[in-house]
Amino acid sequence: MADVSELVRAFAALAPSVSPVGALLRYQAIPIPTSQFVSLSKSAAGEAVLLIQTAPSSDLLPAPLRLEHLTVQHGISGSVQIAQSRQHGLFSLVVLHGGNKVLVEMFLRFALALAEQISAQPTPSTVAALIQRFVTLLQSLRRPNAKVIQGLWAELFVMTAQSDSGAWVIGWHTDPMSLHDFVLGARRVEVKSSATGERVHRFSHRQLSPTAETSLHVASVLVERIGQGSSVFNLAEELHRRLSPEQSLVLDNGIAAALGADYFKAEQHRFDESRARGSLRYFPLSVIPRLQADVPTGVSEISYTVRLSDVDGETVLVLA
């Protein structure tokens, strides 16, 4: 598995290229592991530039793309110098605008995931389709947040507590309309956090009424805000070290979708990881106080508060 931290260091050490974006390509670049057709450069302005060598195609070139943080151009002729070799041909050029550290690292993780999908020289149309995943991620940052930061932090923290974090990332549901936070085969896991010091959580009746084919555990975390604590990005960084590039891209997309326009504010919200670690408990449905599954016809949208402080939970969740 390629290490994004190594790519971050290599990019930081890379000298800016003298060619402006859009001119004849004469970039100094470093290769992106796993694909000979993808390389990384730095523009004269110090911005991250992804260079993808494309195959000739009779199709019309995809239209240029210009967003707040991203510019994409296709069919640019030129050459790229990588170590002692020079690549000549046509390139798709993907430029990340702005030097925000979190955004740059996200872009480089995307580059690794993209390179894994390119085993043969792609056409510009293929590149445009692959780039759309990152475009969707960036567009999420302009939408209202789908989750409060404390709740997202708790979900990421629960993922860090698992030995198979990758499976939990793939099973993670960030859509606020989803019934449970994690779908792991027949197992459902709902994460609840409390900042009051008491294990008291709010549920919808449907959340505590899974189908007969599924089982449910509630992961309960007590959180405490502290200035020197961990942010959602600190937890994400820990997870990324365990994940494949594709899983990392799924995680980045989930965080962006959850935070939306609050993305760049999330660094300010920090929680005590030690407190959370000592308090994390898993409660099977069988021990959770709840209403009976059957409700009168015509009654819906039931929700209620459940106190779990007097219920014994498990410190480890073993997935059967």
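The values are calculated or read from the model by the stated rules, or taken from the named source; none is laboratory data. Source: prediction; values computed, not measured. Cβ: placed from backbone, ideal geometry, glycine included. Neighbour counts: every protein chain shown. Ligands, DNA and RNA are excluded from the accessible area calculation, which covers all protein heavy atoms including side chains. Shrake-Rupley method; radii C 1.70, N 1.55, O 1.52, S 1.80 Å.
Quick notes on this structure:
- Condition check for ALA261: of a type in the set (A, V, I, L, M), more than 30 Å from ILE118 (Cβ to Cβ) and in contact (Cβ under 8 Å) with a residue 40 or more places away in the chain: yes
- On inspection, PHE157 does not qualify as open to solvent by less than 10 Å² (accessible area, probe 1.4 Å) and more than 17 Å from GLU237 (Cα to Cα).
- The residue that is nearest to PRO284 (Cα to Cα), counting only those in segment 179-205 that are open to solvent by 40 Å² or more (accessible area, probe 1.4 Å) and free of Cβ contacts under 8 Å to residues at least 60 places away in the same chain, is ARG188.
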